[in-house]
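The values are calculated or read from the model by the stated rules, or taken from the named source; none is laboratory data. Just so it is clear, the structure is predicted and the values come from calculations on it, not from any experiment. Reconstructed Cβ throughout: ideal geometry from the backbone, glycine too, with neighbour counts over all protein chains shown. All accessible areas refer to the heavy atoms of the entire protein, side chains included, with ligands and DNA or RNA removed. Shrake-Rupley method; radii C 1.70, N 1.55, O 1.52, S 1.80 Å.
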Amino acid sequence: MRMVIKVGTSTLAHASGRLNIRRSEALCRVLSDVKNAGHEIILVSSGAIGLGTGKMNLKERPQDMAGRQAAAAVGQCELMYQYDRLFGHYSHTVAQMLLTADDFSNPERRTHLENTLFRLLELGILPIINENDTVATDEISVGDNDTLSALVATCAQAELLVILSDIEGLYSADPHDHPDAQLIHRVEALTPEILALGGGSASSLGTGGMATKLRAAQIVTAAGIDLVIAAGQNPEILYDIVDGKDVGTRFIAAK
Ligand code: GLU
């Protein structure tokens, strides 16, 4: 199975912006094992701005564009250093691809991006993708990695997109405000009622929230790809997802 796995900043970093060592180690161990079992994996990873914020000892994520781009430039190095080290421990080679909206909308660039991606997979290399945050401005950026991961999954003709997040899945109401909200396990169709559940909040270091995850669901299910949203606190959950067990919320691809 070819899978795109997206991890958010809240899965990789503590609120301080410093690496969450326990989780990033578990994530790379499980992904290495899933890859060893014969699956193809593409990782879409956030965390550049968050880890840059931590590495530069800033109190919070910068508010201005140049500040965020500087944090991303620092944090992307840290991110890839950690991935190279952690996946290297399990003898996997990683590759960095930094993309932005034009790479998907311009047919020529899209072809190049697909060719590179497919060649890396053929070579058994694990592509790790993020937005090119140092140059992407609001007008030309994809803007959030949930959408980026959906675009990557369609380009890669993946069978499954998994978004690991700080939330367990889609709830019948925002669980921050409604403690009795129910987790929805399966979404067969993106009805207006489901899309209306896209409120909710994002963490202080990352972007996103439920709205961007529902947008990702629209993109991939229309392309015939299932999406699972699950909690990233325990990366071992990926074993259950690969085994097709009922975890998080599964959005079923349109037939
Ligand atoms: N590209 C951003 C980063 O690496 C994250 C965007 C997102 O979290 O959606 O910090």
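Each Lys and Arg adds +1 at its Cβ and each Asp and Glu adds -1 at its Cβ; summed about the Cα centre, the chain shows a dipole of about 500 debye.
Near residue 44, the amide H atoms lying under 5 Å from its own belong to 5, 6, 7, 129; only residues 5 or more places off or on other chains count, and H is placed 1.01 Å from N.
Principal axis analysis of the Cα atoms in the stretch 1-141 yields extents of 42, 40, 18 Å, listed in decreasing size.
Straight-line cross-link reach from residue 245 at under 15 Å between alpha-carbon atoms covers these aspartates and glutamates, not counting any fewer than eight positions away in the same chain: 168, 226, 236. The Cα-based radius of gyration of the stretch 64-136, divided by its Kirkwood radius, gives an Rg/Rh of 1.03.
Taking the convex hull of the alpha carbon atoms in the chain, what volume per residue do you get, in Å³? Intermediate values should be presented prior to the final figure.
Working: hull volume 31.2 nm³, N = 255.
Roughly 122 Å³ of hull volume per residue.
Here, P(r) means the percent of Cα pairs in each 5 Å bin from 0 to the largest distance; for the stretch 24-94 it is 4, 17, 23, 19, 13, 12, 8, 4, 1.
Would you list 228, 94 from the most to the least accessible area, probe 1.4 Å?
On the way: 228 5, 94 25 Å².
From most accessible down to least: 94, 228.
Taking the stretch 109-232 on its own, what percent of its Cα-Cα pair distances exceed 23 Å?
Values: 2726 of 7626 pairs.
Percent of Cα pairs beyond 23 Å in the stretch 109-232: 36.
Projecting the Cα atoms of 217, 162, 39 onto the charge dipole of the chain (Cβ charges, centred on the Cα centre) puts 39 farthest toward the positive pole.
The accessible area of residue 1, taken with all protein chains in place and a 1.4 Å probe, comes to roughly 70 Å².
Relative to the current alpha-carbon distance between residue 140 and residue 63, full extension at 0.36 nm per residue lengthens the span by 25.9 nm.
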